[in-house]
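Enquirer: The following block contains the structure, expressed as C-alpha cells.
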Amino acid sequence: MLTDKPYTCKNLAPFYLYGMYETKKYAVSIKNHEEIINTLTLFCKDKKIKGGQITGIGAVKSATLRFFNPSTKQYVDKTFDEQMELANLTGNISLMEGNVYLHLHAIFGREDYTALAGHLLKATLNGAGEFIVTNYSLTLPRVKDAKIGLNVFDFK
Ligand code: FE
C-alpha cells in the first residue's frame with residue numbers, strides 16, 4: 001500500500017535508510033536561454049512532484065557551481081560565463097518546509113574538452129536542454145542537519 005511517506009526499513013539496514021517508490025517519467029525540453037534550476041523547479045511545482053529524480057544534458061552559456069567546505073559549513077560559489085556542454089546533470093527532487101527542493105550536481109565540458117563539476121546553483125541554457133524527470137509519486141522529505149551543515153533526507 002502506498003502512503004505519503006517512503007517506506008523505511010531501519011532494523012534490516014543498519015548503515016542506511018531507504019524509500020521505495022512507484023515512478024512516472026517525463027521528458028522535458030527547456031526553452032533556449034531559460035535558467036535551468038528555476039525552470040525545473042517550476043515544472044516540479046506544476047506537476048506536484050514532491051519526490052523524484054532528474055537527469056539531463058544540453059548546452060549552457062553560464063553556470064554557477066558551489067563547493068561545500070565541511071570545516072566552515074559554508075558554500076563557496078563560482079560563476080563561469082562561457083559556452084559549455086552540459087555533459088551530465090543528475091540529482092533529486094524532495095520537499096523541504098513545504099517547498100520543492102532540487103539537489104543537482106553537474107559536469108560541464110569546456111571548449112578545450114576539459115570538465116568542470118560541482119553542486120549546481122544556476123545555469124542558463126544556450127542550445128538544447130533535455131531532461132528526464134522521474135516522479136516517485138510520494139514525498140521525499142528533506143531537513144536541515146545542523147551538525148553536518150547540509151540539508152539531508154529525513155526518513156525519521
Ligand atoms: Fe550538493
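The values are calculated or read from the model by the stated rules, or taken from the named source; none is laboratory data. Note that this is a predicted model, so its numbers are computed, not measured. Every residue, glycine as well, gets a Cβ built from its backbone with ideal geometry; the counts of neighbours run over all protein chains shown.
Yes/no per residue for (1) surrounded by 14 or more Cβ atoms within 10 Å (Cβ to Cβ); (2) closer than 21 Å to Glu35 by Cβ:
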position: Asp112; (1), (2): no, no
position: Gly118; (1), (2): yes, yes
position: Gly127; (1), (2): yes, yes
position: Thr134; (1), (2): yes, no
position: Leu140; (1), (2): yes, no
position: Ala146; (1), (2): no, no
position: Leu150; (1), (2): yes, no
position: Phe155; (1), (2): yes, no
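To keep it simple, each residue is scored yes or no on (1) modelled with pLDDT of 95 or more; (2) in a loop (DSSP other than H, G, I, E, B); (3) of a type outside the set (Val, Ile, Thr).
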| position | (1), (2), (3) |
| --- | --- |
| Leu2 | no, yes, yes |
| Leu12 | no, yes, yes |
| Leu17 | no, yes, yes |
| Val28 | yes, no, no |
| Thr39 | yes, no, no |
| Glu82 | yes, yes, yes |
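Enquirer: Can you run down the residue pairs with Cβ atoms below 6 Å, 6 or more apart or on separate chains, where the first is in the range 25-53 and farther than 8 Å from Val133 by Cβ and the partner is of a type in the set (Val, Ile, Thr) and assigned to a loop (DSSP other than H, G, I, E, B)?
Expert: Partner pairs satisfying both residue conditions: Thr39/Ile30; Lys50/Thr139; Gly51/Thr139.
Enquirer: I would also like to ask the following. Return the only residue of Ile49, Ile57 being β-branched (Val, Ile, Thr) and either part of a strand (DSSP E or B) or surrounded by fewer than 17 Cβ atoms within 10 Å (Cβ to Cβ) (or both).
Expert: That would be Ile57, the only listed residue that is β-branched (Val, Ile, Thr) and either part of a strand (DSSP E or B) or surrounded by fewer than 17 Cβ atoms within 10 Å (Cβ to Cβ) (or both).
Enquirer: Output the residues belonging to the range 120-153 that are outside any strand (DSSP E or B) and either within 16 Å of the ligand (Cβ to nearest atom) or at positive phi (or both).
Expert: Listed by number, the residues that qualify are Ser137, Leu140, Ile148, Gly149.
Enquirer: Return the residue satisfying two criteria in turn: it lies in the range 60-80 and is surrounded by 15 or more Cβ atoms within 10 Å (Cβ to Cβ) and aliphatic (A, V, I, L, M), and of such residues it is farthest from the ligand (Cβ to nearest atom).
Expert: If we take residues in the range 60-80 being surrounded by 15 or more Cβ atoms within 10 Å (Cβ to Cβ) and aliphatic (A, V, I, L, M), then Val60 is farthest from the ligand (Cβ to nearest atom).
Enquirer: Does Gln83 fit the bill of being away from the ligand (no atom under 16 Å from the Cβ) and under 21 Å from Ile30 (Cα atoms)?
Expert: Yes: the conditions hold for Gln83.
Enquirer: Next question. Can you name the number of the only condition in (1) more than 20 Å from Tyr21 (Cβ to Cβ); (2) at pLDDT below 95; (3) hydroxyl-bearing (Ser, Thr, Tyr) that Thr139 fails?
Expert: (1)
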